[in-house]
Amino acid sequence: MSQKAMHDLVVRTASPEDAPACGKICYDAFSTLNAAHGFPCDFPAPEAAIGLLSMMFSATGFYAVVAELNGRIVGSNVLDERSVVCGVGPITIDPAAQNLRLGRKLMEAVMERASQRGAVGVRLVQAAFHNRSLSLYSALGFDVREPLSCLQGQPRERIVPGCSVRSATPADAEACNALSRRVHGFDRAVDLKQAILAGTAQVVERAGHITAYSTHLGFFGHTTAETNLDMQALIATADSFAGSGILVPSRNNALLRWCLHNGLRVVQPMTLMSTGMYNEPAGAFLPSVLF
């Protein structure tokens with residue numbers, strides 16, 4: 001990047017008014033990248049990306065930044081601050097403004113924010129076919145933790161014997177958070193509370209105890225379970241999965257094989273990366289696209 005371009009680049013906190021421009025860039029960036037590699041776009045239309053960023057740019061628990069070049073918005077990034085571990089994304093750059101190191105600047109801005117807030121770790125999920133983002137995140141100190149398979153479809157097996165699936169209630173929050181701490185070493189209580197209030201959260205009961213929960217079975221929801229059996233019970237109830245699909249850790253061969261045998265298909269490969277605290281999960285899990 002030239003000295004003049006560096007001088008004209010500004011990274012600032014996003015406002016709700018930035019969402020339409022950033023959402024359009026987000027859609028264009030993902031559609032261009034994914035099409036170049038033969039994958040469907042993560043957003044069905046620009047309006048979906050605009051709606052997502054409108055929520056993130058205005059909701060409590062998210063910190064967003066935009067990059068401006070010569071006074072024009074050319075990219076954005078978001079930090080999910082709802083837990084002691086933060087999640088990054090979506091980070092997108094205008095396809096017409098590539099090769100200006102904007103991605104690094106946007107990442108450094110949210111990493112600095114996470115450090116200032118005392119986050120014990122930062123995580124993200126990247127498209128495994130995107131070599132440049134893998135290189136950037138690795139250079140910034142992120143380690144590859146899990147290869148992921150994004151799956152979509154309707155399971156053939158609709159019931160798992162011995163497991164009961166129902167909508168989560170506020171009274172379930174303590175048990176769900178305790179389960180998350182056992183499996184991951186930390187909880188995502190704010191995320192869970194919001195999902196319960198929104199009516200998307202579900203729990204699994206087996207032998208009289210909550211053995212799994214999901215904030216939303218889809219791209220932006222996370223799921224935690226004691227065992228693969230409990231995870232299968234949740235997945236089996238879904239008619240489809242929100243967004244591009246659920247993110248199944250590919251190293252969990254038994255769960256991935258069960259999904260494939262039950263009619264789900266792989267949409268795209270992805271990668272979970274982290275910096276800071278990371279405990280090898282002591283159970284089954286599906287991360288969200290943020291972490």
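Laboratory data are not the source of any read-out in this text; all were calculated from the coordinates shown. As the structure is a computational prediction, the values presented were derived from the model and not from experiment. In this analysis, Cβ positions are derived from the backbone assuming ideal geometry, glycine residues included, and neighbour counts consider all displayed protein chains.
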* In nm, give the distance between the simple-model label positions of Met55 and Ala36, each being 7 Å from the Cα along the Cα-to-Cβ direction. => 2.8
* Rule-of-thumb check for the chain: C-alpha Rg over 2.2 N^0.38 Å? -> 1.00
* Once Rh is set to the Kirkwood radius over Cα pairs, what Stokes-Einstein translational diffusion coefficient, in µm²/s, holds for region 151-286 at a temperature of 10 °C and a viscosity of 1.306 mPa s? -> 107
* To do: May I ask what percent, to the nearest 5, of DSSP beta bridges between residues of the chain are antiparallel?
  => 95
* Asked: When the convex hull of the C-alpha atoms of region 3-119 is computed, what volume per residue in Å³ does it have?
  -> 103
* **Charge dipole magnitude, Cβ of K and R +1, D and E -1 - region 105-250, Cα centre, debye nearest 20** => 240
* **Neighbourhood net charge (14 Å Cβ-Cβ; Lys/Arg +1, Asp/Glu -1) for Ala45** => -2
* **Calculated FRET value between Leu140 and Glu68, using beta carbons and R₀ = 25 Å, to 0.05** => 0.70
* To do: In whole Å, largest first, what are the principal axis extents of the Cα atoms in region 40-97?
  => 35, 29, 18
* Structure fact -> Taking r as the C-beta separation of Ile159 and Arg181 and R0 as 22 Å, the FRET efficiency to the nearest 0.05 is 0.15
* Under the span-like rule (Cα at least 15 Å along the axis, Kyte-Doolittle mean at least 1.0), DSSP H helices of the chain -> 46-58
* Which value, in debye to the nearest 20, gives the size of the charge dipole of the chain about its Cα centre, when Lys and Arg are +1 and Asp and Glu are -1 at the Cβ? -> 380
* Structure fact -> For Val84 and Glu17, extending 7 Å from Cα along the Cα-Cβ vector and measuring point to point gives, in nm, a value of 3.9
* Structure fact -> Taking the dipole of the chain about the Cα centre (Lys, Arg +1; Asp, Glu -1; charges at Cβ), the one of Ala128, Thr60, Ala14 that reaches farthest to the positive side is Ala128
* If amide H atoms are built 1.01 Å from N in the plane of the peptide, which residues on other chains or at least 5 residues away come under 5 Å of the amide H of Gly121? -> Cys86, Met277
* Structure fact -> Under the helix-only model (-39500 (n - 2.57) for each DSSP H run of 4 or more, divided by the residues of the chain), the mean residue ellipticity at 222 nm, to 500 deg cm²/dmol, is -10500 deg cm²/dmol
* Structure fact -> On the formula 1/(1 + (r/R0)^6), with r taken between the Cβ atoms of Asp8 and Gln116 and R0 of 25 Å, the FRET efficiency rounded to 0.05 is 0.45
* To do: Counting only C-alpha contacts under 8 Å and six or more residues apart, can you give the relative contact order of the chain as a whole percent?
  => 21
